[in-house]
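Values quoted throughout were computed directly from the atomic coordinates according to the rules given, and no laboratory measurement underlies them. Keep in mind it's a predicted model, so treat the numbers as computed, not measured. Please note: Cβ atoms are built from the backbone with ideal geometry, for glycine as well, and neighbour counts cover all protein chains shown.
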Amino acid sequence: MTEPNVRIAGSAAGIPAEAWGELAAPGDPFLNADFLRILEASGVVAPETGWQPLHLLATEDNRVVGLLPLYLKSHSHGDFIYDWSWRPVWESFGRDYYPRLISGVPYTPVAGPRLLVAPRSADAGAVRRALIRAAQALVAGQGWSSWHVALAAADDVATLEAAGLLVSHDVQFHWADAGFGDFDGFLQSFSAEKRRKVRAERRRAAQSGLRIEVRHGGEIRADEWPALHALYRSTFERFGNHAAFSAECLAALAAALDERMVVFTAADGEVPVALSLCFRSADTLFGRYWGASRAVDSLHFELCFYRGIDYCLREGLVRFEPGAGGEHKIARGFVPQRVRSAHWIPDPAIRRIVAPHLARQAAGVAAYRDDAARHLPFRRAG
């Protein structure tokens, strides 16, 4: 078989919509013809903000059969590699760590496929190998430090590891439906003490006097987004961080994604005072952003966790991934899960330093995951 050709697409908009339709999983809220295009067109993801699109397209007979989302990054913000401590290693060898390449979804700590292959491809393995070799060649040809694949799906991790990439580990907390039926059914899986605590939190949120509702992106008017965006922005400002998305970008995403965006809000009269912004696929809800203009007892848990579980049970979604970090999720029934990223480091001397670090990290993450699981609120068998 002829090796697939690989070329660079300088923008997500430059990838034909029909190709996205074949490459992306149906209903994926992030890797689709809209999400990356809107982020890039709005300037959220652009060379000026440290994200230069260099997406790799594999073609057979001039038809797109593979895609590797790829960005040249001049910093480590928003890609969830957590590699801030790696820069001094390169500098100790007289090398620059930035820029480096990243494959993943900007500002989105969601694991999923990164080596996208169209079903019509004659040899999916050959397409994946061609995309990997092209990324490695790009690093070598430009003299860049490394290439990272953030939060890759299990199949991709195996393929990338076989191609010589190192693997890092992390833990996220996910909810899964075990046939609960409704929220009360879910709570029946808790111990009595933990069940009482959740009910008390939900009661305090209900007694706040705020109107809580859920809407999909297409149900939110464009003129509502400035107020909702102010809530989103407030969380970042509180911690001295940058809110990457603009109100216009969120409005454009809402209009394009429609039911793939899910927004939980609490309002005092007609004034929104809190927001939990989520996305969804055909079977999973993804929590992304929280913001509030004032502190309300237990409202964060209600909007970010309990309403999301309610939504999943009502809509038939089987998983809820509420975002990175947050040990407080354990007591609310979110189970620790391993997630992995992959790293191509061409310099053998630097690789020899990073590899044992990642091996120790894997053992530490596994121990942490096991320890966290011992604190889950579920009733114990027997």
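Quick notes on this structure:
- Given +1 at the Cβ of Lys and Arg, -1 at the Cβ of Asp and Glu and no other charges, the dipole of segment 178-317 around its Cα centre is 600 debye to the nearest 20.
- C-alpha long axis of helix 247-257 to longest principal axis of the chain, angle in °: 90
- For the chain, with +1 on Lys and Arg beta carbons and -1 on Asp and Glu, the positive-most of Ile38, Pro4, His77 along the dipole: His77
- Relative to the longest principal axis of the Cα atoms of the chain, the long axis of helix 348-373 makes an angle of roughly 20 degrees.
- Fluctuation leader among Gly326, Gly179, Gly287 - the chain, Gaussian network, Cα springs under 10 angstrom: Gly179
- Using θ = phi - 60° and Karplus 6.51 cos²θ - 1.76 cosθ + 1.60, couplings along segment 119-136 (whole Hz; Gly, Pro as x): x, 6, 4, 5, 8, 4, x, 5, 5, 4, 4, 5, 5, 5, 4, 5, 5, 5
- In a DSSP loop and with at most 12 other Cβ atoms within 10 Å, there are no chymotrypsin sites (Phe, Trp or Tyr not before Pro) in segment 178-209.
- Derived value for segment 178-317: Kirkwood hydrodynamic radius 15.8 Å. Basis is the mean of 1/r over every pair of different alpha-carbon atoms.
- The rule of thumb for compact globular proteins, 2.2 N^0.38 Å, goes into the C-alpha radius of gyration of the chain 1.02 times.
- Calculated [222 nm] ellipticity per residue, helices only, for the chain: -10500 deg cm²/dmol; basis is -39500 (n - 2.57) per DSSP H run with n ≥ 4, divided by all residues, nearest 500.
- Descending principal axes extents, segment 133-245, alpha-carbon based, whole Å: 61, 41, 30
- Positive dipole terminus of the chain, leading residue within Val263, Phe236, Ala367 (C-beta point charges): Ala367
- The alpha-carbon atoms of segment 215-257 define a convex hull whose volume equals 64 cubic angstrom per residue.
- Alpha-carbon geometry of segment 241-282: the Rg and the Dmax are 11.8, 33 Å, given in that order.
- Rotationally averaged projected area of segment 227-382 (alpha carbon convex hull; nm²): 13.5
- Alpha-carbon centroids, segment 1-68 and segment 286-357: separation in whole Å: 25
- Centre-to-centre, using Cα atoms only, segment 235-276 and segment 92-108 are separated by 28 Å.
- Label-reachable residues, segment 317-353, where backbone N falls under 17 Å from a point 7 Å from Tyr82's Cα toward its Cβ: 322-330, 335-343
- Short-range pairs are left out: with C-alpha atoms under 8 Å and at least six residues apart, the relative contact order of the chain is 20 percent.
- Choice from Arg294, Arg202, Arg307 showing the highest fluctuation, given a GNM over the chain with Cα pairs closer than 10 Å: Arg294
- Within the shell defined by Cβ-Cβ distances under 15 Å, the residues around Val171 carry a net charge of 0, with Lys and Arg each +1 and Asp and Glu each -1.
- The convex hull drawn around the Cα atoms of segment 49-166, when projected onto a plane and averaged over every direction, covers 7.7 nm².
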